[in-house]
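See below for the structure under consideration.
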Amino acid sequence: MKHLKTVFNALRWGFLTFITGFSVPVAAQDDSTLLAMDSVEISLLTCQPHDEVYSLYGHTAIRYHDMHKKGGVDAAFNYGVFNFNAPHFVARFVFGLTDYELGAFPYHLFQNEYRHFGSMVTEQVLNLTAQEKYKLRQALSENLRPENRIYRYNYFYNNCTTKARDIIEQCINGKVEYAGREDYTPTYRDMVHEMTQRNPWSRWGNDLLLGIMSDQPTTLRQQEFLPHNLLYDFDRAQIYVNGNYRPLVKERRIAVPAGVQMHEPGFPLSPMQCFIALLAVGLALFLIQWKKHCIFIVWEVLLMLITGIMGIVLFLMLFSQHPTVSLNLQIILLNPLPFFFLWPVIRGRKTIYWRITATLCCLFLIGGLFQSYAEGIWSLALCLLLQSILHIDRLRK
């Protein structure tokens, strides 16, 4: 896999230089140029997910295939190029500061990449006029220029799929009209869950970071951030021009058949299993402490560390440029507050922390009416509430 990526990147830059040179200045457009476009096919490529974390949601690219002459350009234009080894990549991604770019690759290398992963690639040949193909070629060439190819990536609003959709729409001499989906108004969280069914810890991490905005119903256009949703919509879309309609897609075919995918086993326990185990321990320790009139400080410190560490993450999300993570009601419970009271708890001193925690647990319960929480967080909340009850009861007595 590393070898394949190295070859891919090495060829990418040389091909990018070549592909940029195939554009014709706008002023040079004439009948012969448009006639040559009759032998060009432009397609939307939709790639199935595979086991790499960056591909859990699939991928979209645009194919430009000139069949007029032998050795004509056959390229995949990919808005999903990024450098995972760039400094602070994960932190920048979380804060919405990641830059992706457009790359152009020989189509057969693009196919080989997805054959390697066993991912099926569906090709939808677009029903474009010669002038629309020409405009799209010019737009892609312009986007490939060094000063234009980099863009600020946003997972839900400006990703490799929405960029492909937008540039295709911009080059059509008419309006693309999409068929609606009856009774299908999922939230962003619903769609993330759909794509991470086999990756429970990825789903849990997403649920921890996603806030209340991710639980709002989405429009058809918002749903097209997922490649398979855009494929579905393109199949049913019509181009409206001067009172006439024509289908957006004239042919659909399989560019890469589905192969065998290898899924590496992850952590053996799911998040829910881990939190159920935590709750079971919490209930047992609560009963022991209640009966023996004692406090297990090590257990309290563990709960505070778990809560505080997750709280730091959610506090930092307040400064993220992703709208769907900046308002997260889980911060009511998961916040850095425990670190301010950690030392008094370790020393066994009386502290107001547990009264505050009991109040926050109740507010957290109310917040659950408006936002879906990460799987198992309720168990952590109950463990904290039980410890708070112990301390409140001791203060009362």
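The values are calculated or read from the model by the stated rules, or taken from the named source; none is laboratory data. Because the structure is a prediction, the values reported are computed rather than measured. Positions of Cβ are backbone-derived with ideal geometry, glycine not excepted, and every protein chain shown enters the neighbour counts. Quick note on the areas: whole protein, heavy atoms, side chains included, nothing else; ligands and nucleic acids left out. Shrake-Rupley method; radii C 1.70, N 1.55, O 1.52, S 1.80 Å.
Solvent-accessible area of Trp343, probe 1.4 Å, all protein chains present, reported in Å² to the nearest ten, please.
Approximately 150 Å² for this residue.
Express in % the proportion of alpha carbon pairs of the chain at distances exceeding 38 Å.
On the way: 27463 of 78606 pairs.
Tail of P(r) above 38 Å: 35 percent of Cα pairs.
For all pairs of alpha-carbon atoms in segment 252-365, what percent lies in each bin of width 10 Å, listed from the first bin to the last filled one?
11, 29, 29, 15, 8, 5, 2, 0
Only four residue types carry charge here, +1 at the Cβ of Lys and Arg and -1 at the Cβ of Asp and Glu. Report the dipole size of segment 97-170 about the Cα centre in Debye, rounded to the nearest 20. Display every interim value, and only then the final one.
Working: 9 positive and 9 negative charges, 17 e Å.
Here segment 97-170 has a charge dipole of around 80 debye.
How do Asp183, Asp233, Asp190 rank by accessible surface area computed with a 1.4 Å probe, from largest to smallest? Don't skip to the end; give the middle numbers.
Details: Asp183 160, Asp233 5, Asp190 80 Å².
From most exposed to least exposed: Asp183, Asp190, Asp233.
Tell me whether segment 327-369 comes out rounded, prolate or oblate; compute the Cα gyration tensor, take square roots of the eigenvalues as a ≥ b ≥ c, and use a/c under 1.5 as the rounded threshold. Working shown, then result.
On the way: a/c = 4.69, a/b = 2.07, b/c = 2.26.
Taking the square roots of the gyration eigenvalues as a ≥ b ≥ c, segment 327-369 is oblate.
Just read off the accessible area of Tyr155 with the full protein assembly in place, 1.4 Å probe, to the nearest 10 Å².
Its heavy atoms expose roughly 40 Å² to the probe.
Would you mind working out the accessible area per residue for the chain, using a 1.4 Å probe, and quoting it in Å²?
50
Would you mind telling me the share, in percent, of accessible area of segment 159-304 contributed by carbon and sulfur at probe 1.4 angstrom?
Details: 4690 of 7910 Å².
Using a 1.4 Å probe with all protein chains present, segment 159-304 comes out at 59 percent carbon and sulfur.
Counting only other residues whose beta carbon sits under 13 Å from that of Phe341, what net charge do I get with K and R as +1, D and E as -1? Please report the intermediate quantities before stating the final value.
Details: positive: Arg347, Arg349, Lys350, Arg355; negative: Glu300.
The answer is +3.
Place a point 7 Å from Cα of Ile312 in the direction of its Cβ. Which residues in segment 326-353 have their backbone N less than 11 Å from it?
Backbone N within reach: 336, 339.
Pull up the cross-link candidates among the aspartates and glutamates for Lys291, meaning alpha carbon to alpha carbon under 20 Å and not fewer than 8 places away within one chain.
Glu300, Asp393
Over the Cα atoms of segment 88-165, how large are the radius of gyration and the largest Cα-Cα distance (Dmax), in Å?
Looking at segment 88-165, its Cα Rg and Dmax stand at 15.2, 44 Å.
Amide H neighbours of Ser119 under 5 Å, counting only residues 5+ apart in sequence or on other chains, H built in-plane at 1.01 Å?
Sorted by chain and number, the residues that satisfy this are Gly259.
Going down the table (Lys133/Lys175; Lys70/Lys163; Lys70/Lys135), which pairs top 21 Å between alpha carbons? If you can, show how the numbers build up before the last one.
On the way: Lys133/Lys175 16 Å; Lys70/Lys163 30 Å; Lys70/Lys135 23 Å.
Exceeds cut-off: Lys70/Lys163; Lys70/Lys135.
Beyond 17 Å, how much of the Cα-Cα pair distribution for segment 302-377 remains, as a whole percent?
Numbers: 1363 of 2850 pairs.
Beyond 17 Å sits 48 percent of the P(r) for segment 302-377.
Tell me, what is the 1.4 Å probe accessible area of Tyr240, in Å² to the nearest 10?
Surface open to solvent at Tyr240 totals about 90 Å².
Suppose accessible area is computed on protein heavy atoms with a 1.4 Å probe; arrange Lys292, Lys135 from highest to lowest.
Details: Lys292 145, Lys135 75 Å².
The ordering from most to least exposed comes out as Lys292, Lys135.
For Leu369, Leu382, what's the largest-to-smallest order of accessible area, 1.4 Å probe? Let's see the in-between values first.
Details: Leu369 140, Leu382 70 Å².
I get Leu369, Leu382, largest accessible area first.
I'm a student and want to see the number: the projected area of the Cα convex hull of segment 158-252, averaged over all directions, in nm². Walk me through the numbers before you get to the answer.
Working: hull surface 30.0 nm².
Computing the convex hull of the Cα atoms and averaging its projections yields 7.5 nm².
Report the semi-axes of the equivalent ellipsoid for segment 270-327 in whole Å, largest first, where each axis is √(5λ) for an eigenvalue λ of the Cα gyration tensor. Working shown, then result.
Details: eigenvalues 202, 40, 12 Å².
Square roots of five times the eigenvalues give 32, 14, 8 Å.
Using a 7 Å offset from the Cα along the Cα-to-Cβ direction at both Thr359 and Phe95, what is the distance between the two label points in nm, to one decimal?
Here the answer is 3.2 nm between the modelled labels.
Tell me the label-point distance for the pair Arg394, Met272, using the 7 Å Cα-to-Cβ offset, in nm and rounded to one decimal.
Calculated label separation equals 3.5 nm.
Calculate how steeply helix 160-170 sits against the longest principal axis of the alpha-carbon atoms of the chain, using the helix alpha-carbon long axis, and give the answer as 0 to 90 degrees to the nearest 10.
Long axis of 160-170 versus the principal axis of the chain: about 40 degrees.
If you put +1 on each Lys and Arg Cβ and -1 on each Asp and Glu Cβ, how big is the dipole of the chain around its Cα centre, in Debye rounded to 20? Please list the in-between numbers first.
Numbers: 36 positive and 32 negative charges, 324 e Å.
Charge dipole of the chain: 1560 debye, to the nearest 20.
Using helices alone, I'd like the mean residue ellipticity at 222 nm for the chain: each DSSP H run of four-plus residues gives -39500 (n - 2.57), total over residue count, nearest 500. Mind dumping the intermediate values first?
Numbers: 15 runs with 187 residues, N = 397.
So the helix-based figure for the chain works out to -15000 deg cm²/dmol.
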